[in-house]
Structure formats: structure tokens, C-alpha cells
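The values are calculated or read from the model by the stated rules, or taken from the named source; none is laboratory data. On a predicted model such as this, the values are computed, not experimentally measured, just so you know. Because the Cβ atoms are built from the backbone with ideal geometry, glycine has one as well, and the counts that use them run over all protein chains shown.
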Amino acid sequence: MEKVVVIGSGPAGLTACIYLSRALLSPLCIEGFISGGVAGGQLMTTIEIENFPGFPDGISGPELMMRMKTQAEKFGTTFLSEDVESVDLSKRPFKVKSTSKEIEAETLIISTGATAKRLHLPSEQKFWNKGISACAVCDGGLPFFRNQILAVVGGGDSAMEEAHYLTHFAKEVILIHRRDSFRASKAMQKKVLSNPKVKVIKNSVVEDVFGEDFLEGLKIKNLKSEKIEEIKVRGLFYAIGHAPNTAFLKGQIKLDEEGYIQTKPDSTRTSVEGVFACGDVKDKYYKQAITAAGSGCMAALECERYLTKVG
């Protein structure tokens, strides 16, 4: 039986593993294989990170995650490169069923993250991280986006926030929305739409993207006229939401209406005693590597204290 099983290997899960290992709890990390997109989380598809403390010259997402994993292994974390198919949280020890085995655990830390929703355009994969991104805060300030025309797809507060953030770097920001009105709050709309750098295209969708080695433009379809036109942009940012990776929990833990794990105030404790959650699987607001890592630290400390308490 394992003292602690950590499900997920993004910055939250790996930070939890580092702290747990140094506390001599020898955690097992089931790092995922396909379910959450890729082992290591969303940073594995991020070319360059400039806002993670300690790397003034930037660092690639894969390299950052490999360094975190190496650090966790150094202190005693064991890794299992499989997906978790289901869990049984009805009694302790908890049961975790992975692709090939069933594991018993005294405690669980869930750090399976959330997957950014995509448009699934015909040429999307070709230009992912070559002009297309799902995080303006992560990528918008990169050199190849500065003083360029950038586009944001979405109509909620997240889309407005992304567009507003990009105005600090871009020459122009084009906000594309499929309806003729926005879901975002009136205050947020006023703040963004009054910015002279923001141009709005309503009742339209992105049909596809084009370019050579890097994104050069979009094919936009007007839903009323059915007309398709091409516009030149250097970057396309999705702001159409995220889907938390919680399907494997199957109603055994308290989630909010969007599927994110609910935790106690100022805590990583969940509705099930002995189960903790950290990172984007419980955070639908910040969604940054550094905040995920911070909550991973919190989960590890709370888990350690819990194990000490129950003996």
C-alpha cells in the first residue's frame, strides 16, 4: 500500500512530489499518458516560458517539467507512466485503478489539470505553438508577437481579459465572436471595447488558419452572410474555456457546475477526507504554472499533516 498517490504530473503534481519526497513519504506519481493530453501537463506543449521565477532568459515548457521530475525522482518519488481509469473513494485505503494495475493508497493528491478547449481547425495542429495558443498571459509577450496584429476568439470575461492583456504588446487585437453580443460583464466589455487597439468582429467564426512555417492569417466566416474572408494576423489565442480532467472521478468527490474539484476555503482539502486537490483541476481563474506549483506545495504540506494526525 502507498502512503500517498499523486495523480497528475504537471507543475502542481511534481511540486507536491518534491515536498512529499523530502518528507520521506515516498510518493507514487501516476503521471498520465494520454488522458490529460500528455504527461507533464499543458507546459509540455509550451515552447518558451518567460514568467516562471528563476529563469531570467526563459525556459521551454518540456525542459522545466523535466527538471521538476528529475528533482522529484532525486528525493524518492516513483513514477508510473499510465492513465488512471477510475478510483474508489468510498473507504480507506482508497483504490486507484490505472491502465495495468490496482493500487491502494492511504491518501490521494489529485493534480490532473484542465485541458484548454480548441477549435479543431483543419490546420490547427500545424500552427499550434507556431502562432496559435490557448494562453495569452503565457505566450502573448513573446518576441514574435510583439507589435503584431493578434486575434482572440471568445466572448466571455476570459476572452476580454486575454484581449486586454495583449493590447500591452500588440499593434492591434482583433476580438472574434460567433454571436452579436458578448457574455462578458458590462464593466469588462467597457474596459476592453473602448480600447483603440481593439477591433471587434461579431457573428463570425474562424474556419481555418494559413501560413508557411508560422501563422500568417485567418479565414473568417460571417455566419449571417456566409461570406469567407482572409485577414492577416500573427497570432491566434483561444479563450473559449477549459475542461477539467475529472471524468475518472465519476461523482465520488464534490465538483462545481463546470466540473472543477471544490476544495475547502484556503485549503486543498476536498469533500473526501484524505483526498487533496491542487493545480488547474481546482483553479479556473489563474491557471498559471507558478500558482499550480504553489498549490502543489500546499497539498503536500496538508497531506503530510493529515498522515501525522491519523498516525
message: Within the stretch 221-236, does at least one residue satisfy the condition of being under 19 Å from Lys287 (Cβ atoms), at pLDDT 95 or above and within 23 Å of the chain's Cα centre (by Cα)?
response: yes
- request: Scan the stretch 127-172 for residues that are more than 14 Å from Gly241 (Cβ to Cβ), hydroxyl-bearing (Ser, Thr, Tyr) and surrounded by fewer than 24 Cβ atoms within 10 Å (Cβ to Cβ) and jot them down.
  value: Tyr165, Thr167
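Look through the stretch 170-191, keep the residues that are of a type outside the set (D, E, K, R) and at pLDDT 95 or above, and return whichever of them is nearest to Leu223 (Cα to Cα). Before you say what the answer is, go through the steps one by one.
Narrowing the stretch 170-191 to residues of a type outside the set (D, E, K, R): 170, 173-177, 181-182, 184-185, 187-189.
Within this subset, residues satisfying the condition of being at pLDDT 95 or above are 170, 173-177.
Values: Ala170: 27, Val173: 21, Ile174: 17, Leu175: 16, Ile176: 12, His177: 10 Å.
Top of the filtered list is His177.
Residues that are closer than 16 Å to Ile18 by Cα, touching a residue at least 12 places away in the same chain (Cβ under 8 Å) and in the same structural domain as Gln42 (by TED's automatic domain parsing): which strands (runs of 3 or more DSSP E) entirely in the stretch 70-112 hold 3 or more of them?
On the way: elements: 78-80, 84-88, 94-98, 102-110.
Ranges flagged: 78-80, 102-110.
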- line: How many residues of the stretch 142-156 are touching a Leu at 6+ places or on another chain (Cβ under 9 Å), assigned to a loop (DSSP other than H, G, I, E, B) and touching a residue at least 40 places away in the same chain (Cβ under 8 Å)? The answer is 1
- prompt: Only one of (1) more than 28 Å from Lys130 (Cα to Cα); (2) free of Cβ contacts under 8 Å to residues at least 40 places away in the same chain is not met by Asn222, so which one is it?
  reply: (1)
query: Any chance the stretch 36-49 includes a residue that's outside any loop (DSSP other than H, G, I, E, B) and either more than 15 Å from the chain's Cα centre (by Cα) or at pLDDT 95 or above (or both)?
result: no
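What do you reckon, is Asp213 of a type outside the set (Gly, Ala, Ser), outside any strand (DSSP E or B), in contact (Cβ under 8 Å) with a residue 60 or more places away in the chain and surrounded by fewer than 16 Cβ atoms within 10 Å (Cβ to Cβ)? Before you say what the answer is, go through the steps one by one.
Values: of a type outside the set (Gly, Ala, Ser): yes; outside any strand (DSSP E or B): yes; in contact (Cβ under 8 Å) with a residue 60 or more places away in the chain: yes; surrounded by fewer than 16 Cβ atoms within 10 Å (Cβ to Cβ): yes.
So Asp213 fits the description; yes.
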task: Scan the stretch 228-263 for residues that are out of contact with any Ser or Thr (no Cβ under 8 Å at 6 or more places or on another chain), in a loop (DSSP other than H, G, I, E, B) and over 30 Å from Ser204 (Cβ atoms) and report the count.
output: 2
field: Enumeration of residues in the stretch 35-91 that are under 25 Å from Glu104 (Cα atoms) and of a type in the set (Asp, Glu)
entry: Glu73, Glu82, Asp83, Glu85, Asp88
message: I'd like the residue in the stretch 274-298 that is touching a Lys or Arg at 6+ places or on another chain (Cβ under 9 Å) and aliphatic (A, V, I, L, M) and, out of all such residues, is farthest from Glu63 (Cα to Cα).
response: Val275
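Results for (1) touching a strand residue (DSSP E or B) at 6+ places or on another chain (Cβ under 9 Å); (2) at pLDDT below 95; (3) farther than 30 Å from Val275 by Cβ, shown as yes or no for each residue.
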| site | (1), (2), (3) |
| --- | --- |
| Ser111 | yes, no, no |
| Ala114 | yes, yes, no |
| Phe127 | yes, no, yes |
| Ser133 | yes, yes, yes |
| Ala151 | yes, no, yes |
field: Output for the stretch 259-272, where each listed residue is out of contact with any strand residue (DSSP E or B) (no Cβ under 7 Å at 6 or more places or on another chain) and touching a residue at least 12 places away in the same chain (Cβ under 8 Å)
entry: Ser267, Ser271, Val272
